[in-house]
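Trainee: Just dropping this structure here.
The values are calculated or read from the model by the stated rules, or taken from the named source; none is laboratory data. Predicted model only: the values in this text are computed from it and were never measured. So basically every Cβ, Gly included, is an ideal-geometry build from the backbone, and we count neighbours across all protein chains shown.
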């Protein structure tokens, strides 16, 4: 059906659009993408974050990906609260795009052309405890400043307040949450109006560092090793040269696989209801594994796909990140979203809170140990913040320093004035960040809705000011 519709669009002379991947997309496909975008964000913001419709419009659909930005406002999202799903009509003759919520996993896009008939067949984890995403005790921090209240440190209060102002840390910065913590105390915690400690939002590429932590938990369990080859089931034909790619090549963004010009564009998976197994696994080698750094969503997706290949049961695999990592450290407000066949989209599609991100940072400060139980391998924090053998460009066009790269974490080393050289960070679109500074026993979280194409939040400047404030 979809092929016939696309062919008809071509026959009618519908002008194709050129995406950031350099591919031509018909109007029908662009509308399907836009409808998928609207359905998935409306679903996640409604059922993960409990946001009101006006909040969703203001936050989730302002300043978004240019490819669909003009189409999304023209589409109407229908929210079915009883069945926890959202549908968006977009093209005559085609079913609406549908996003379905599930416990623990959040919302999943159904494939283009699918109806609700497949909902009961969606894979789900089994045996997980019920969690209350609408409350947060603040554990494990015994000491916490009042939410949106003073910290008792005037310099820190100034830095946090400036993060919510227009301009000081970026001309178009739009901050939704800031949290500063040590292992024993939350030193500062502030949210924009309408947000609370239990309001989740999408992590975007901060999810990549969560993915690395899931991989770390699998390494600790002995399921897989970072130097293992032949880790992707789809590459295991006897003479497939992609079998030589090591797990850590994926973690280092150095798989060598072709991922188009812009490796961060995975539109069919993110918006088009595609599968990890028919999008991320389809590319051939472009250069030798480990010889080139290239930021690619597919490398993250394949690192997690490698873990999936160690499970015989889809339900056991879907439960693994929660049982082995998230729920053990109190990240009960975190939803790891999947494709409709049950592969995690851990390059971007995670919804979580500032406190849950801080808990992940705390686990790294504690060398992977939580309440006396080892969750991550000993030295995992050192591993993910060690410079990968190949690196991204370390300077911008204007000569300004750029972070290095470890294993799915960005590295703020001695190139950055005013920041400890052991600083590492998870960073994502629209200004998401989790910063870990081992030498200061410090965690900094900043969430936002920075618009695409404009100067967003300048994280380096904020880290510098927070560190300076705590040293006064």
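Trainee: Out of 132, 92, which single residue is without any contact (Cβ under 8 Å) to a residue 24 or more places away in the chain and part of a loop (DSSP other than H, G, I, E, B)? Steps first, please.
Mentor: On the way: 132 fails: without any contact (Cβ under 8 Å) to a residue 24 or more places away in the chain.
Step by step, each of 132, 92 is checked, and only 92 is without any contact (Cβ under 8 Å) to a residue 24 or more places away in the chain and part of a loop (DSSP other than H, G, I, E, B).
Trainee: Hey, another quick one. Do you know which residues across segment 357-382 are out of contact with any helix residue (DSSP H, G or I) (no Cβ under 8 Å at 6 or more places or on another chain) and assigned to a helix (DSSP H, G or I)?
Mentor: 358, 361, 382
Trainee: Looking only at segment 236-268, count how many residues are buried (at least 20 other Cβ atoms within 10 Å of the Cβ) and over 30 Å from residue 357 (Cβ atoms).
Mentor: Matching residues across segment 236-268 total 2.
Trainee: Within segment 277-295, identify whether any single residue is closer than 22 Å to residue 111 by Cβ, surrounded by fewer than 24 Cβ atoms within 10 Å (Cβ to Cβ), within 19 Å of the chain's Cα centre (by Cα) and without any contact (Cβ under 8 Å) to a residue 24 or more places away in the chain, and answer yes or no.
Mentor: yes
Trainee: Going residue by residue through segment 409-429, is there one that turns out to be in a helix (DSSP H, G or I), at pLDDT 95 or above and farther than 21 Å from residue 219 by Cα?
Mentor: Step one: filter segment 409-429 for residues in a helix (DSSP H, G or I), giving 429.
Those still in the list that are at pLDDT 95 or above too: 429.
From what is left, the residues that are farther than 21 Å from residue 219 by Cα are 429.
So far as segment 409-429 goes, yes, one or more of its residues are in a helix (DSSP H, G or I), at pLDDT 95 or above and farther than 21 Å from residue 219 by Cα.
Trainee: Hey, could you check segment 460-472 for residues that are in contact (Cβ under 8 Å) with a residue 60 or more places away in the chain and part of a helix (DSSP H, G or I) and say which is surrounded by the fewest Cβ atoms within 10 Å (Cβ to Cβ)? If you could, list the steps in order and put the result at the bottom.
Mentor: Of the residues in segment 460-472, the ones in contact (Cβ under 8 Å) with a residue 60 or more places away in the chain are 461-462, 465-466, 468-470, 472.
Of the ones still in play, those that are also part of a helix (DSSP H, G or I) are 461-462, 465-466, 468-470.
Numbers: 461: 18, 462: 24, 465: 20, 466: 26, 468: 14, 469: 20, 470: 18.
If we take residues in segment 460-472 being in contact (Cβ under 8 Å) with a residue 60 or more places away in the chain and part of a helix (DSSP H, G or I), then 468 is surrounded by the fewest Cβ atoms within 10 Å (Cβ to Cβ).
Trainee: Kindly establish whether residue 293 is within 14 Å of residue 210 (Cα to Cα) and either assigned to a strand (DSSP E or B) or in the same structural domain as residue 243 (by TED's automatic domain parsing) (or both).
Mentor: Working: within 14 Å of residue 210 (Cα to Cα): no; either assigned to a strand (DSSP E or B) or in the same structural domain as residue 243 (by TED's automatic domain parsing) (or both): yes.
No: the conditions fail for residue 293.
Trainee: Within segment 433-445, how many residues turn out to be in a strand (DSSP E or B) and out of contact with any strand residue (DSSP E or B) (no Cβ under 6 Å at 6 or more places or on another chain)? Talk me through it step by step, then tell me what you get.
Mentor: Looking only at segment 433-445, we keep the residues that are in a strand (DSSP E or B), and these are 433-437, 442-445.
Now restrict to residues that are out of contact with any strand residue (DSSP E or B) (no Cβ under 6 Å at 6 or more places or on another chain): 442.
Selection size over segment 433-445: 1.
Trainee: In this structure, does residue 105 turn out to be surrounded by 14 or more Cβ atoms within 10 Å (Cβ to Cβ), modelled with pLDDT of 95 or more and either out of contact with any strand residue (DSSP E or B) (no Cβ under 9 Å at 6 or more places or on another chain) or in the same structural domain as residue 278 (by TED's automatic domain parsing) (or both)? Give the steps one after another, and end with the answer.
Mentor: Details: surrounded by 14 or more Cβ atoms within 10 Å (Cβ to Cβ): yes; modelled with pLDDT of 95 or more: yes; either out of contact with any strand residue (DSSP E or B) (no Cβ under 9 Å at 6 or more places or on another chain) or in the same structural domain as residue 278 (by TED's automatic domain parsing) (or both): no.
Criteria not met by residue 105.
Trainee: Looking only at segment 127-149, filter to residues that are surrounded by 13 or more Cβ atoms within 10 Å (Cβ to Cβ) and touching a helix residue (DSSP H, G or I) at 6+ places or on another chain (Cβ under 8 Å); which one of those is farthest from residue 44 (Cα to Cα)?
Mentor: Among residues in segment 127-149 that are surrounded by 13 or more Cβ atoms within 10 Å (Cβ to Cβ) and touching a helix residue (DSSP H, G or I) at 6+ places or on another chain (Cβ under 8 Å), the one farthest from residue 44 (Cα to Cα) is 140.
Trainee: Among 404, 396, which is the only one that is farther than 29 Å from residue 200 by Cβ and modelled with pLDDT under 95? Full working, then the answer.
Mentor: Details: 404 fails: modelled with pLDDT under 95.
Just a single option satisfies the conditions, and that option is 396.
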